[in-house]
Amino acid sequence: MSVALLLLTTLVLIYLHVSRLYATGWLALAAVAGMWLGGWHWAGILFGTLTLLLILLVMWPSPLRRSLLSAGLLAFVRGMLPALSTTEQQALEAGTVDWDGELFSGKPDWQRLLATEHPRLTEREQAFLDGPVTTLCTMLDDWSVTNEGYDLPAEAWDYMREQGFFGLVIEQEYGGLGFSHLAHSEIVMKCASRGVSLAVTVMVPNSLGPGELLAAYGTEAQKAHYLPRLARGEEIPCFALTSPVAGSDAGAIPDSGVVCRGHWNGEEVLGLKVTWNKRYITLAPVATLIGLAIKVFDPDDLLGRGRELGVTAVMVPSDTPGVNHGPRHMPMNTVFMNGPTWGEDVFIPMEQVIGGEAMIGEGWKMLLERLSIGRSISLPALGVAGAKMACLTTGAYAEVREQFGRSISNFEGVQEALEPMAGYTWMMDAARIFTAGMVDRGGKPSVPSALLKYRNTDLMRDVVTHAMDVVAGRAVIRGPRNFLARVYQAIPIAITVEGANILTRSLMVFGQGAIRCHPYIVEEIEAAGMLDEAQAVKRFDAVFFPHLAHSSRNLLRSLLLGVSGGRLERVPAQGGISRYYRQLSRFSATFALMTDVSLITLGGSLKARQRFSGRMADALVALYYASASIRQWHEEGYPEELREVVQWSLEQSLYDLQKALYDAIIGYPVRGLRWPLLLIAFPLGRRLKKPDDERGRRVALSIVAPGPARDRLVRGVYIADDPKDAVGRVMNALKLSRETADARKRINEALREAEAEDRQEIELLLGHQRDELLDWAIKRNVISENERAAVAEALAALYDVIRVDAFSKESIEALAAASKGTLELVTRPATADEA
């Protein structure tokens, strides 16, 4: 009896996460109670005492525990723990942990989430968005940019320089605007809503590049010289990382710099002879300052630090002899400046190393730290812009487009496409703001930035594809009227750049997060690698047993919360969404348990188990986006008009989370663990379902008509009001349609009720004879003469919005003739080594 009671008490105390001191008291009380219930039998006293002593031995640090348990356990797990390479260790040190750590803990602190400082724009930042950003958007026509000029117009480039668009995040003391990362995100999002080419041109100088690297790591002389010039647009920067062979893997780049002496500005100085071959480099064709990631070698040991010095970030002025740039790639009908750059044995002095000579070999860490920030801001904002514009335009189009005498927005098939468009857009925007806040608080959120870039660009693809399905034939015809084609064409660019999504999902999100965000594993790995065995055992002892309690707690939580539907968990009451908190807590425990199991049973082979890692990444994404949705709704005061969209996002996230964890378990590489894990994670089976049809209908209709929900979902984008603009045309039709809805409804009802003898006349009227139709309606007192002009204007706008572009045969032939031979392919000559 005493043994059973002690074991049961131990499990309860582990579940409740009671302190060691209190736990000791409760265990002693349980032992005494068990002996009493057993009638003070000698066997009960003996085994109860031994069990209590064993539990206390495991629970309390002591030399005895280290010698009896920890030394052997360390020897056993050494070969099971994943090993960390030097670059992986640097990657872990480069980032910080925020809410992702709570999700990996298995017991997220929801009150901490709600209390987290929320990012807000300053008055100066909002004024910039309302003023210069709006003005810049009005200057552009995306069709003209992408199909006629193949570049932003010169006046747009000049305006961006004048207004400081290239120095958004450079501090004011260096001539920049000194904006927050949230403001940077909002500016990129608004620019992207006008055109991808504009957005990329704005975001690259403010993201990963010489400017950001200089601000963080540059010498004072470098900052004083370059940052004001970059802020004014006198220098146009690019950063060249991607190599044809190594891709974006900075650890494998073949580009090199050899330490030597050479001539610079008429003087012989110590420097680097740099050779590189880069491609896909945004702004390279027009850059005046080329940032490079290279590996530095010192064969003569001139610096006294050995011969292989590591990855280094350098700056090469584009007018330096031997630099090649200018040719352009043409990425998917977007025309932002992008192209290759190469050079062979180009000499630069040490002053061109970012941070100076002391920072040689520190480039990998520098890139990791700054890349996490760039991934958190630029591409997620671009993805949200694509989704918001798809909701704005497609929702309006669905409202005004009629088939069979009804708005297609009333068709369930169309609503089935509009539903995820609205729900995903809310989730994407909430996650964007949530992550920007982490960066503004000084964090370097490497795991959130990776999952945000992956998921926001992936969801943009889903949303825009649904929009294409709704708009149908109107969306596939090329021309200035098309409001979806160019963002649809640009989707693969966002999916691919800054780490292809397929690798980000399967390698980075969970692969890095499982170690970086785990509360104990890094210390265990470090202990296992220590050379001093006594110190290794001591450090391992200090962390292993709390880890054991952590894993046991998550096992119990996963099982018990699964059986109870999460009802054992205390959660916030705000917003009336307690049931969603409970399920998220339950699945967070399951996710944390699966993380522990995989780290121990897969160890170093986890990197190769990319199907499993990808499914665990999907689970983390669902947890993160649900958290962001809750946080954003809380910040906005739980407005009722957003309840349907928020609850849809939570239900969809939980369904996705359930599926991801189930798939991870049934495909777990260690077959013998599949059924035990399945029983713990899903003791009552998979019971969560997608949002129901009625909720889906309401969410779909939230983007069809203007109102608080739609206005919130599309907040922050540029909305043209010119009826000749691709977007303005749709918005104008929606406006006129709603203003004349009653009159047009009466006309449609009269047409349906017309006598049989009028059918032939009506069939003619239903063609394109708008004036005759209005004459007919007025003659029969369906509408008044006073309503005629407004209805006529609305009918003209409704017809105009479904028209597509058609080009004359002569103009196409002239374009084809003019294009022959005008695009000359440029091939970089092979270097001596390559030849």
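Suppose the filter is under 28 Å from P480 (Cα atoms) and among the charged types (D, E, K, R); does D725 pass it?
yes
Taken over segment 213-261, the criterion of being modelled with pLDDT of 95 or more, within 22 Å of F297 (Cβ to Cβ) and open to solvent by less than 10 Å² (accessible area, probe 1.4 Å) is satisfied by G257, V259. Here T457, T496, T465 are screened, and the one residue that is polar (S, T, N, Q), modelled with pLDDT of 95 or more and surrounded by fewer than 18 Cβ atoms within 10 Å (Cβ to Cβ) is T465. Annotation: P331 fulfils all but one of (1) in contact with a strand residue (DSSP E or B) (Cβ under 8 Å, 6 or more places away or on another chain); (2) outside any loop (DSSP other than H, G, I, E, B); the unmet one is (2). Take the conditions (1) open to solvent by 10 Å² or more (accessible area, probe 1.4 Å); (2) closer than 30 Å to S62 by Cα; M508 misses just one of them, which is (2).
Here are E419, E399: which of them is more than 20 Å from V169 (Cα to Cα) and in contact with a strand residue (DSSP E or B) (Cβ under 7 Å, 6 or more places away or on another chain)? Among E419, E399, only E399 is more than 20 Å from V169 (Cα to Cα) and in contact with a strand residue (DSSP E or B) (Cβ under 7 Å, 6 or more places away or on another chain).
Every residue in segment 210-250 that is part of a helix (DSSP H, G or I) and without any contact (Cβ under 8 Å) to a residue 12 or more places away in the chain, please.
Result: E220, H225, R229.
No other residue among W364, W426 is within 17 Å of L208 (Cβ to Cβ) and aromatic (F, W, Y) apart from W364. Entry remark, segment 53-88: residues being aliphatic (A, V, I, L, M) and either modelled with pLDDT under 85 or assigned to a loop (DSSP other than H, G, I, E, B) (or both) number 5 in total. The condition of being in a helix (DSSP H, G or I), hydrophobic (A, V, I, L, M, F, W, C) and under 44 Å from the mean Cα position of the chain (by Cα) holds for only one of L21, L46, that being L21.
Look at (1) of a type outside the set (F, W, Y); (2) open to solvent by 20 Å² or more (accessible area, probe 1.4 Å); (3) within 28 Å of the chain's Cα centre (by Cα); (4) within 22 Å of R674 (Cα to Cα) and you find that L593 fails only one, number (2).
Among helices (runs of 4 or more DSSP H) entirely within segment 125-209, having at least 2 residues that are in contact (Cβ under 8 Å) with a residue 40 or more places away in the chain, under 22 Å from T496 (Cα atoms) and of a type in the set (D, E) singles out no element at all.
Pairing each residue of segment 67-80 that is surrounded by 13 or more Cβ atoms within 10 Å (Cβ to Cβ) with any residue that is small (G, A, S), provided the two are 6+ apart or on different chains, yields C-beta distances under 8 Å for L74/A527; L74/A528; L74/A536; V77/A528; R78/A528; M80/G603. In summary, W675 fulfils each of the numbered conditions (1) free of Cβ contacts under 8 Å to residues at least 40 places away in the same chain; (2) in contact with a Ser or Thr (Cβ under 7 Å, 6 or more places away or on another chain); (3) hydrophobic (A, V, I, L, M, F, W, C) with the single exception of condition (2).
Inspection of segment 691-707 finds a residue satisfying the criterion of being more than 28 Å from C137 (Cβ to Cβ), open to solvent by 50 Å² or more (accessible area, probe 1.4 Å), out of contact with any Leu (no Cβ under 8 Å at 6 or more places or on another chain) and in a loop (DSSP other than H, G, I, E, B).
Here is a yes/no grid of residues against (1) polar (S, T, N, Q); (2) over 19 Å from A252 (Cα atoms):
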{"residue": "T288", "(1), (2)": "yes, yes"}
{"residue": "L292", "(1), (2)": "no, no"}
{"residue": "V296", "(1), (2)": "no, no"}
{"residue": "D301", "(1), (2)": "no, yes"}
{"residue": "G310", "(1), (2)": "no, no"}
{"residue": "H325", "(1), (2)": "no, yes"}
{"residue": "F347", "(1), (2)": "no, yes"}
{"residue": "I354", "(1), (2)": "no, yes"}
{"residue": "E357", "(1), (2)": "no, yes"}
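Checking each residue in segment 412-442 for being surrounded by fewer than 21 Cβ atoms within 10 Å (Cβ to Cβ) and over 30 Å from E694 (Cβ atoms) picks out D440, R441, G442.
Taking the listed residues T504, T590, the one that is touching a helix residue (DSSP H, G or I) at 6+ places or on another chain (Cβ under 7 Å), modelled with pLDDT under 90, in a helix (DSSP H, G or I) and hydroxyl-bearing (S, T, Y) is T504, with no other qualifying.
Scanning segment 536-575 for residues that are part of a loop (DSSP other than H, G, I, E, B) and free of Cβ contacts under 8 Å to residues at least 12 places away in the same chain, we see that the one that is nearest to L13 (Cα to Cα) is L568. Cβ separations smaller than 8 Å between residues 6+ apart or across chains give the following pairs from segment 428-449 residues that are touching a residue at least 40 places away in the same chain (Cβ under 8 Å) and assigned to a loop (DSSP other than H, G, I, E, B) to residues that are small (G, A, S) and open to solvent by less than 10 Å² (accessible area, probe 1.4 Å): K444/A94; K444/S372; P445/S372; P445/S376.
Going through segment 267-313 one residue at a time, which ones are touching a helix residue (DSSP H, G or I) at 6+ places or on another chain (Cβ under 9 Å), open to solvent by less than 10 Å² (accessible area, probe 1.4 Å) and not in a strand (DSSP E or B)? L283, the sole residue that qualifies. The residues of segment 776-794 that are open to solvent by less than 80 Å² (accessible area, probe 1.4 Å) and without any contact (Cβ under 8 Å) to a residue 40 or more places away in the chain, listed by number, are W776, A777, I778, V782, S784, R788, A789, A792. Going by the conditions given, is R112 modelled with pLDDT of 80 or more, open to solvent by less than 80 Å² (accessible area, probe 1.4 Å), touching a helix residue (DSSP H, G or I) at 6+ places or on another chain (Cβ under 9 Å) and farther than 16 Å from G513 by Cα? Judged against the criteria, R112 is not a match. Of note, T146 does not satisfy the criterion of being surrounded by fewer than 16 Cβ atoms within 10 Å (Cβ to Cβ) and of a type outside the set (D, E).
Say we look at segment 315-371 and pick out the residues that are of a type in the set (K, R) and over 16 Å from I294 (Cβ atoms); which of these is least open to solvent (accessible area, probe 1.4 Å)? Among residues in segment 315-371 that are of a type in the set (K, R) and over 16 Å from I294 (Cβ atoms), the one least open to solvent (accessible area, probe 1.4 Å) is R370.
Mind counting the residues in segment 395-427 that are of a type outside the set (A, V, I, L, M), more than 23 Å from S653 (Cβ to Cβ) and part of a helix (DSSP H, G or I)? The number of residues fulfilling the criteria is 6. For segment 747-754, the criterion of being part of a loop (DSSP other than H, G, I, E, B), aliphatic (A, V, I, L, M) and without any contact (Cβ under 8 Å) to a residue 12 or more places away in the chain is met by at least one residue.
Selection over segment 164-176 of residues that are touching a Phe, Trp or Tyr at 6+ places or on another chain (Cβ under 8 Å) and either acidic (D, E) or surrounded by fewer than 24 Cβ atoms within 10 Å (Cβ to Cβ) (or both) gives a count of 1.
The values are calculated or read from the model by the stated rules, or taken from the named source; none is laboratory data. It should be emphasised that the depicted structure is a prediction, and the values quoted were computed from it without experimental measurement. So basically every Cβ, Gly included, is an ideal-geometry build from the backbone, and we count neighbours across all protein chains shown. The area values use the complete protein model at the heavy-atom level, side chains included, leaving out ligands, DNA and RNA. Shrake-Rupley method; radii C 1.70, N 1.55, O 1.52, S 1.80 Å.
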